[in-house]
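What follows is one structure encoded as structure tokens, with my remarks underneath.
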Amino acid sequence: MSDASRVGTTFPLVCPHCEKPTLAKVTSEARGGGEHEPPYLLELAECGNCFDPFLMMEEDYGQGWDGDPLAVWPRQQRPLSLNVPAAMRREHEEARQCFSAKAYTATAVMVRRTLEGVCLDQGMSGAVGRPKPLFKMLEQMRDEGKIDGQLFEWAQELRVLGNQGAHFTGTSVSREDAADGLALAEALLDYLYVFSAQFEAFKARRAEAKAKAKEGESSPA
């Protein structure tokens, strides 16, 4: 984690207010975290075009500030849960940034990268040096029960959309398809890393409560 102040520095981004590419200037900062969460750096900045303020955040996962500030306010999308691995959050955030910049084909490509990262994180890899095609990794996730039939269908549509973006076909990705791709990818991340873990914790807590209740009933008065 660097102790150097960011106040007065500039960085490029698409302004969340005027939606134009700009060099934002950091006017003040604050730092926190470090015990139960990664250290974070909050940066209050202003747009070089419209001069409206916005709040950015960077996180340190052991290698210093990531250098890619995330818009905290004003925010049009909710932040992904910290239960989602950092690598997947970065990929999905880049997809969001592409969408904000109206780069819809690039959005589709980043959604596909997110999908591929999820498969690899879930252990869906082939032989050493020979990664499986994404289609096969998704099939394996379905066959192992990590995703159900509907999520498999969603993921396959995201794969096809990503292929459309990655290869020159003469057809660009529409805004509507890019927006749906982002939403479906986010739902997949929530299902795998947030809701599944929450449901398992719920079942474990319920089972523990039932076991204690049964133990109390069988204990002599």
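Every number in this text was worked out from the coordinates using simple rules, so none of it is lab data. Worth saying up front: this structure is predicted, and the values here are computed from it rather than measured. Cβ: placed from backbone, ideal geometry, glycine included. Neighbour counts: every protein chain shown.
Among H167, H17, H36, which one shows the biggest mean-square fluctuation in a GNM of the chain, springs joining Cα atoms closer than 10 Å?
Checking each option, the largest mean-square fluctuation is seen for H36.
Mind giving me the FRET efficiency for V7 and Y61? R0 is 30 Å, r the Cβ-Cβ distance, nearest 0.05 is fine.
Between V7 and Y61 the formula returns 0.85.
Testing the spin-label approximation: label points 7 Å from Cα along Cα→Cβ at E37 and Q122. State their distance in nm.
It is 2.7 nm.
About its Cα centre, how strong a charge dipole does the range 1-62 have in debye, to the nearest 20, once Lys and Arg get +1 and Asp and Glu get -1 at the Cβ?
300 debye
Just grab the label-to-label distance for F135 and Q198, each label 7 Å out from Cα along the Cβ direction, in nm (one decimal).
Label-label distance for F135 and Q198, simple model: 3.5 nm.
What is the sum of charges, Lys and Arg at +1 and Asp and Glu at -1, for the other residues whose Cβ falls under 14 Å from the Cβ of R175?
Counting the neighbours of R175, the net charge comes to -2.
Picking from G170, G48, G64, which is most flexible by a Gaussian network model of the chain using Cα springs under 10 Å?
Maximum fluctuation in the GNM of the chain, among the listed residues, is at G170.
Let me spell out the model: positive unit charges on the Cβ of Lys and Arg, negative unit charges on the Cβ of Asp and Glu, origin at the Cα centre of the chain. What dipole size does that give, in debye rounded to 20?
With only Lys, Arg, Asp and Glu charged at Cβ, the dipole is about 380 debye.
Per-residue ellipticity at 222 nm for the chain, helices alone: DSSP H runs ≥ 4 residues times -39500 (n - 2.57), over residue total, nearest 500 deg cm²/dmol?
So the calculated ellipticity at 222 nm is -15000 deg cm²/dmol.
When only alpha-carbon atoms count, how far does the range 1-155 stretch along each of its three principal axes, as whole angstroms with the largest first?
Principal-axis extents of the Cα atoms in the range 1-155, largest first: 52, 37, 27 Å.
Based on the Cβ-Cβ distance of H167 and E208, what FRET efficiency does E = 1/(1 + (r/R0)^6) give at R0 = 41 Å, to the nearest 0.05?
0.20
For the chain, which longest stretch is free of loop sites, where a loop site is one of the trypsin sites (Lys or Arg not before Pro) that DSSP puts outside H, G, I, E and B and that has at most 16 other Cβ atoms within 10 Å?
After excluding every exposed loop site, the longest remaining stretch is 103-221.
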